[in-house]
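This report refers to the structure that appears directly beneath it.
The values are calculated or read from the model by the stated rules, or taken from the named source; none is laboratory data. This one's a predicted model, so the numbers in the text were calculated from it and none came from an experiment. Glycine gets a Cβ as well: all are built from the backbone with ideal geometry, and neighbour counts include every protein chain shown.
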Amino acid sequence: MASEVEDTSRRDFLVIAGNAFAAVGAAATLWPFVAQMNPDAGAQALASVEIDLSPVKEGQAITAMWRGKPIFIRNRTADEIKAAETVPVADLPDPSARNDLLPEATPALDTNRVKEGKDNWLILVGICTHLGCIPKGQAMADTRGDFGGWFCPCHGSHYDTSGRIRKGPAPRNLEVPPYEFVSDTKIKIG
Amino acid sequence: MEHSSSYEPKSSFAKWWDDRLPIARLMHGQFVDFPTPRNLNYLWTFGGILTFCLVAQIATGIVLAMHYQPSAADAFNSVEAIRRDVNYGWMIRNFHAVGASMFFIAVYIHIFRGLYYGSYKAPREVLWILGVLIFLVMMATAFMGYALPWGQMSFWGVTVITNLFSSLNEIIPGVGTAVVEWLWGGYSVSGTTLNRFFSLHYLLPFVLFGLVALHIWALHVAGQNNPTGLDIKTKSDAVPMYPYAVAKDAVGLFAFLILFAWFVFFLPDYLGHADNYTEANPLVTPPHIVPEWYFLPFYAILRAIPSKLGGVIAMFSAIAVLVFVPWLDTSRVRSAKYRPLYKWFFWLLVISCVGLGYLGAKPPEGAYVIWSRIFTIYYFAHFLLIMPIVGLIETPKTLPKSISASVLPSGSGAPQGAVTAPETR
C-alpha cells in the first residue's frame with residue numbers, strides 16, 4: 001500500500017510534467033509568430049551583383065546597391081592610399097579589419113581591407129556603423145570629414161580613406177562586403 | 001476611495017437592468033458622485049484632456065486607415081491623396097498628425113504636474129508606474145505612426161532608431177544584428193518594415209486604452225492627489241466629480257482644443273519636418289535627421305554620450321528612472337508647494353528637459369554637445385541624488401490642517417450645502 005508521501009510526490013510529478021508539456025507546447029506555438037518577422041526567403045535569396053569599375057576614374061567614387069544596402073566603391077588616389085597605410089593600428093578606435101572574408105581578429109591594416117594588387121579599389125557597405133545613416137563623401141562636393149574619407153552627418157562620425165572610424169560615436173569600421181574581382185575591371189559582390 | 005454609489009434606477013427598465021449588469025451604478029459611482037478634492041487646479045484637467053486625445057487619435061486613425069496603403073510603393077502617394085482627394089481627408093489627417101503632438105504636450109504637462117505635487121508617492125506608486133508604461137507605449141505608437149507617410153524623415157528616423165538595437169552587438173556579438181534584422185524583416189528598412197509598423201500602429205492604441213483603464217482604476221482606488229498633497233480627511237474636503245470636476249475639466253479641454261484647432265487649421269505642418277514631404281530614398285540620408293519634437297530630449301541624451309551602447313542605455317534609463325521615483329523621493333511631504341528647497345530643483349529639472357529638447361534639434365558638435373552633457377548629468381542627478389538627499393535634509397513648510405483649510409477662509413466652517421445640493425444654494 002502506497003504511503004501518503006508517495007502519493008503526493010507522484011502528484012507533484014504529474015503536475016510538473018503536465019506544466020512542462022504545456023510550456024513546451026506554448027513555446028512551439030509561439031515560435032512561428034516570432035519567426036515570421038525574420039527576413040523572408042525572398043529577402044534571404046543572396047542576390048549577388050556584378051559591377052563594372054572601368055568608368056570610375058582615379059579619385060572618383062560610385063554607389064551601388066546590394067541586398068538593399070548602398071555599396072561605396074572608391075578609386076583611391078596614391079595620396080589616399082598612403083594616408084590609409086601609414087596609420088598605426090594602435091591609433092584606431094576599432095582594431096578589426098571588418099572584412100567579411102577575413103576573421104574578426106584580423107588587424108585593421110589598410111591592406112586587409114582591399115584586395116592585393118588592387119589597393120586603389122576600396123569597396124565598403126556604405127552604412128554608418130553608429131545608427132545606419134549613409135555617410136557623406138561619395139560626391140566630389142561632399143564634406144569628407146577630418147580624415148578625408150567619409151563623414152556621417154547624423155551624429156558626426158569621421159571615417160578615413162580606408163573607411164575606418166577615427167572620430168565620433170560609431171563603434172566599428174565600415175564593413176567590407178564579400179566580393180571578388182571577376183575580371184580586371186569587374187567585381188562581383190555577394 | 002471607498003464610497004458607495006448613490007445611483008438610483010429611475011425607470012423599471014433601469015432597475016431590471018441594474019439587477020443584471022450594474023454598469024450604470026458603477027459609472028455613476030466612479031464618474032458622477034466620486035469625491036474629488038475641492039482644491040484641484042487646472043493642471044488636474046489634463047487627465048481628461050489626455051483621455052480625449054486618445055479617443056480622438058483612435059477615431060481619426062481608423063478613418064485614415066480606410067484610405068492609407070501600407071506599402072513602400074504607395075504609402076507616400078496615399079497620404080498625399082488623403083490630403084488632396086479624400087473628402088475632408090485634409091482635416092482628419094491634420095487632426096491625427098497634430099493630435100500626436102497635442103497628446104505629447106498634454107502628457108508632458110501631466111507628468112510634470114505629478115512630479116511637482118508628488119502624485120507618485122504612496123499610495124499612488126502603481127498608478128504612477130502605469131503612467132510610465134502608458135508614456136512608453138505612447139512613444140512606440142507615435143514612432144511607428146511617424147514612419148507611415150514614408151517620407152525621408154520617416155525612413156531615416158526608423159533607420160536610426162531601429163539601429164539603436166544593434167548596440168546589443170557590443171554585449172553579445174551578433175545579437176544586435178539579429179534583433180535589427182528581425183525588426184526590419186530584411187537587411188535594411190524596407191516596405192516589409194513599413195507593413196509591420198502599420199499593423200502595430202493600429203494595435204498599440206488599444207493596448208494604450210487598456211493601460212489607461214488600469215490607470216484610472218488605480219486612480220479611483222487611491223483617489224486624486226491635490227495641490228496640498230494632503231489626503232481627503234473629511235467630507236468637506238471633497239466635492240462630487242459631477243458637476244464640479246467635470247465642469248472644470250470641460251473648461252480646460254475647450255481651452256486646449258482652441259490651441260489644437262489653431263494648429264490643425266492654420267499651422268498643420270509647423271510641428272513636422274519639411275523633409276518628410278520628400279519620398280523615402282534609401283540612398284540619400286537627409287543632412288540633418290531630427291525626430292519629432294516630443295522625442296528631442298531623449299535624442300539629446302542619446303547623442304550626449306560618446307559611446308553607442310552608452311548612449312542607448314542612457315536614453316532608455318532616462319525613462320526607466322521614472323519608475324523608481326516613488327522610492328527615490330525620501331520626503332514625507334508630497335507637494336513641492338511646501339518644499340522650499342526641492343521646488344528650486346524641480347524647476348532646474350524643467351529647464352534641463354526643455355534645454356535637452358532644444359539641443360536635440362541642433363547638430364551634435366561644439367557647445368551643443370557640452371550643454372547636452374551638462375543637462376543629461378543634471379537629469380539623472382535630479383532623480384538619483386537630489387530627490388533622496390533633499391528629502392532628508394529639507395525642512396518643509398507647515399502644512400495646512402486640511403484641504404478645506406487651505407482654500408476656505410479660516411474660521412468659516414465648510415459649507416456643507418455645497419457638497420450635497422449645489423443647485424439649492
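Summary table
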| quantity | calculated |
| --- | --- |
| Test: residue in the stretch A:106-113 that is within 14 Å of another protein chain (Cβ to nearest Cβ), out of contact with any Ser or Thr (no Cβ under 6 Å at 6 or more places or on another chain) and not hydrophobic (A, V, I, L, M, F, W, C) | no |
| In the stretch A:161-176, the residues that are farther than 23 Å from B:A304 by Cα and either more than 11 Å from every other protein chain (Cβ to nearest Cβ) or among the aliphatic types (A, V, I, L, M) (or both) | A:T161, A:S162, A:G163, A:V176 |
| Residue in the stretch B:57-74 that is of a type in the set (S, T, N, Q) and under 26 Å from B:P240 (Cα atoms) present | no |
| Matching residues, the stretch A:16-41, being surrounded by fewer than 10 Cβ atoms within 10 Å (Cβ to Cβ) and touching a helix residue (DSSP H, G or I) at 6+ places or on another chain (Cβ under 9 Å) | A:A35 |
| Test for A:P135: is it in the same structural domain as A:L53 (by TED's automatic domain parsing), in contact with a Phe, Trp or Tyr (Cβ under 8 Å, 6 or more places away or on another chain) and crowded, with 19+ Cβ neighbours inside 10 Å | yes |
| The stretch A:102-120, residues that are of a type in the set (V, I, T) and part of a loop (DSSP other than H, G, I, E, B) | A:T106, A:V114 |
| Qualifying residue in the stretch A:172-179 (condition: over 24 Å from B:G311 (Cα atoms), assigned to a strand (DSSP E or B) and modelled with pLDDT of 90 or more) | yes |
| Scope the stretch B:91-121; condition in contact with a Pro (Cβ under 8 Å, 6 or more places away or on another chain) and over 15 Å from B:G151 (Cα atoms); matching residues | B:N94, B:V98, B:Y117, B:Y120, B:K121 |
| Which numbered condition A:C128 misses (of (1) touching a Ser or Thr at 6+ places or on another chain (Cβ under 6 Å); (2) more than 30 Å from B:A361 (Cα to Cα); (3) at pLDDT 90 or above; (4) within 14 Å of chain B (Cβ to nearest Cβ)) | (2) |
| Subset of the stretch B:166-175 that is at the interface with another protein chain (Cβ under 10 Å from one of its Cβ atoms) and not in a loop (DSSP other than H, G, I, E, B) - its residue that is farthest from B:A140 (Cα to Cα) | B:E170 |
| Residues that are of a type in the set (A, V, I, L, M) and within 14 Å of another protein chain (Cβ to nearest Cβ), drawn from the stretch B:244-290 | B:A280, B:L283, B:V284, B:I289, B:V290 |
| Selection status of B:R25, assigned to a helix (DSSP H, G or I), charged (D, E, K, R) and either out of contact with any Leu (no Cβ under 8 Å at 6 or more places or on another chain) or not assigned by TED's automatic domain parsing to the domain that holds B:L200 (or both) | yes |
| Matching residues in the stretch A:85-105 - criterion: being within 14 Å of chain B (Cβ to nearest Cβ) and either surrounded by fewer than 18 Cβ atoms within 10 Å (Cβ to Cβ) or of a type in the set (V, I, T) (or both) | A:P93, A:D94, A:D100, A:P103, A:E104, A:A105 |
| Unmet criterion (only one of (1) within 14 Å of chain A (Cβ to nearest Cβ); (2) outside any loop (DSSP other than H, G, I, E, B); (3) within 30 Å of B:Y88 (Cβ to Cβ)) for B:A300 | (3) |
| Pair list, Cβ under 9 Å, 6 or more apart: the stretch B:213-231 residue among the acidic types (D, E), other residue assigned to a helix (DSSP H, G or I) | B:D231/B:D237; B:D231/B:I403 |
| Residue selected from the stretch B:254-280 under the condition acidic (D, E) and not in a helix (DSSP H, G or I), by the criterion farthest from B:I49 (Cα to Cα) | B:E279 |
| Index of the failed condition, A:D142 passing every other in (1) surrounded by 19 or more Cβ atoms within 10 Å (Cβ to Cβ); (2) within 12 Å of chain B (Cβ to nearest Cβ) | (1) |
| Answer from B:Y146, B:Y117 - the residue that is touching a residue at least 24 places away in the same chain (Cβ under 8 Å), of a type outside the set (G, A, S) and either under 24 Å from B:I62 (Cα atoms) or surrounded by fewer than 21 Cβ atoms within 10 Å (Cβ to Cβ) (or both) | B:Y146 |
| Residue within the stretch B:17-33 that is more than 19 Å from B:A250 (Cβ to Cβ), touching a residue at least 40 places away in the same chain (Cβ under 8 Å) and not basic (K, R) present | no |
| Selection from the stretch A:37-78 of residues that are more than 10 Å from chain B (Cβ to nearest Cβ) and part of a helix (DSSP H, G or I) | A:A41, A:A78 |
| Residues that are crowded, with 21+ Cβ neighbours inside 10 Å and either assigned by TED's automatic domain parsing to the domain that holds B:G118 or assigned to a helix (DSSP H, G or I) (or both), drawn from the stretch B:326-337 | B:A336 |
| Residues satisfying the stated conditions in the stretch A:43-101, i.e. charged (D, E, K, R) and farther than 17 Å from A:I127 by Cβ | A:E50, A:D52, A:K57, A:E58, A:R76, A:D79, A:E80, A:K82, A:E85, A:D91 |
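Here is a yes/no grid of residues against (1) under 23 Å from the mean Cα position of the chain (by Cα); (2) hydroxyl-bearing (S, T, Y); (3) assigned to a loop (DSSP other than H, G, I, E, B); (4) more than 25 Å from B:G131 (Cβ to Cβ):
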| position | (1), (2), (3), (4) |
| --- | --- |
| B:S188 | no, yes, yes, yes |
| B:T192 | no, yes, no, yes |
| B:F198 | yes, no, no, yes |
| B:Y202 | yes, yes, no, no |
| B:H220 | yes, no, no, no |
| B:Q224 | yes, no, yes, no |
| B:P227 | yes, no, yes, no |
| B:L230 | no, no, yes, no |
